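Everything on this sheet refers to the single structure shown next.
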Amino acid sequence: MAILLMGCAHQNTTSTEKKPLRWVGDIEHDATIDEEEFLVCNGDSKVLQYFNLGQGPVYAGEKPSLVKAFETKYVPIKSKDQNGLIRIRFIVNCEGKAGRFRVLQSDLDYQETKFDKRITAQLLQITKDIKEWVVLYKNDKPIDYYYYLIFKIIDGQITEILP
Amino acid sequence: MNIPLLACAMIIFSSSLFSQPNCEALKYYYKDTVQYEACKKSEETQGLYQFSKEYQEILDDALRIDPTFAHAYHKKSTAYLKSGDFVTWKKLMDLAVKYDPHYNLEYRGLMRYKCFRDYGGALKDFDSMDSLGMTSDHLNLARSMCHYSMGNQETAIQLLEPYLDKEEDIFGLTGYLHLGVFYLEKHNYKKAIDMFDRQHEVEQTAENHFYMALAYKAIHQNEKYTEHLIKAKEQYLMGRKMSDGYIHPIHKIYLEDIDHEMSSHSIE
């Protein structure tokens, strides 16, 4: 069953309501797209969600530094038909490194869609290029956690970065 | 960490405002035995983590009993909302709204605004509530925030001003701060300061001092500008700032904002 599910989720993309492996949104390692050197420290069964620690969304250098990274590096693909939401979800490990990136895309009516690849590829690469994420601790022990960025795209330009 | 503000956010996200229906009422009052069975099944999620496979499967079972049981769609949707899966969340909440709009429209609208900055979509949901006779004054703050974010500051202000002298409190924990910022951006500094004073009585945050400083700066009261900027930094470093367990709220500031303002006016 797990293999079947993995096959469905193969292409960095999620479709609607897949049966969870353990938790909703769990991301299994996929050797065809994930970097071999990225490892979770405490095992897949102990990866938490970023908000489980009660600190809210956190970024190294706070959110302005994240926004600045995209403002300076993203080259807008200006087009009237490039509108919607793009989520990049990934795991931050106990060392503050990120991996297992997955992309979800929708139009402004929340219907799954495909953006121009030059948009998604840029967002994915800029996210991957962020080398330092905040290390979160539970009971003084560094943990692995899921995190995501959502980009609101209007006419090919980033208008919001969430959460 | 700002506990009261965080607690407020947690309440909204945990859907506890939209709690488990009374199954017995479905059976005895509404005589709906199918929905009663689905409801009883959904009660088995108690104590389970909403992200877990078990939690989701119990709700799937409830929906096999009654595919119109809106509550189960709503409960299933929460984990998708929290993981940022807007596609699945919206599909599930659309079903929840379809089968029980009275219970779910407000929540869907609030989450569209809060989590996905879908201001137009949120306003549509609030308008649908109006057309169903579910108009609620307390939604005016969310409506106002949506209009403000869409660039309609005048409408945003008009939605809140009538409540300033009413007993009914629609401003909650941060409403005066938001209205103060609206006034600030419209260069109405006297009213802005009045709102920040009111906000100060609700809660002291770095944001309130920061925006207060900007208002005093605009009217050239340099002493008060400096005083509030310094207080903003103190509050920020003490963790007294706008916070939310899941998202960054509108009008939240960052240390960089305070430091930039201080350095540009040589304040240490």
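Annotations for the structure displayed:
- Of the residues B:CYS39, A:CYS41, the one with the fewest other Cβ atoms within 10 Å heads the list, and the complete ranking is A:CYS41, B:CYS39.
- Too-long pairs where the Cα-Cα distance tops 30 Å, listed order kept, from B:LYS114/B:LYS231; A:LYS73/A:LYS114; B:LYS191/B:LYS241; A:LYS46/A:LYS128; B:LYS76/B:LYS233: B:LYS76/B:LYS233
- Within segment B:72-175, GluC sites (Glu not before Pro) in DSSP loop having at most 12 other beta-carbon neighbours inside 10 Å: B:GLU167, B:GLU168
- Placed amide H near A:GLU35: partners under 5 Å, 5+ positions off or other chain: A:ARG100
- Across segment A:146-158, rounded Karplus estimates of 3J(HN,Hα) from the backbone phi angles (6.51 cos²θ - 1.76 cosθ + 1.60, θ = phi - 60°) give 7, 9, 8, 10, 10, 10, 8, 10, 10, 6, x, 10, 6 Hz, Gly and Pro being marked x.
- When chain B is treated as a GNM with alpha-carbon contacts under 10 Å, the residue of B:LEU173, B:LEU26, B:LEU141 showing the greatest mean-square fluctuation is B:LEU26.
- Among B:GLY84, B:GLY172, B:GLY47, residue whose mean-square fluctuation peaks in a GNM of chain B (springs only between Cα atoms under 10 Å): B:GLY47
- Taking 22 Å as the straight-line reach from the Cα of B:LYS186, the lysines in range (excluding those fewer than 8 positions away in the same chain) are B:LYS217, B:LYS224, B:LYS252.
- Residue order, fewest to most surrounding Cβ atoms within 10 angstrom, among A:SER45, B:SER52: A:SER45, B:SER52
- Evaluating 6.51 cos²θ - 1.76 cosθ + 1.60 at θ = phi - 60° for every residue in segment A:49-58, the Karplus couplings come out as 9, 4, 7, 5, 8, x, 9, x, x, 10 Hz, glycine and proline recorded as x.
- Degrees between helix B:53-65 axis and first principal axis of chain B (Cα, 0 to 90, nearest 10): 50 degrees
- Per residue, the convex hull spanned by the alpha carbons of segment B:3-145 comes to 122 Å³.
- With N counted as the residues of the protein assembly as shown, its alpha-carbon radius of gyration over 2.2 N^0.38 Å works out to 1.03.
No lab work stands behind these numbers, since they all come straight from the coordinates. Every value quoted in this text rests on a predicted model; they were computed, and no experiment measured them. FYI the Cβ positions are ideal-geometry reconstructions off the backbone, even for glycines, and counts take in every protein chain you see.
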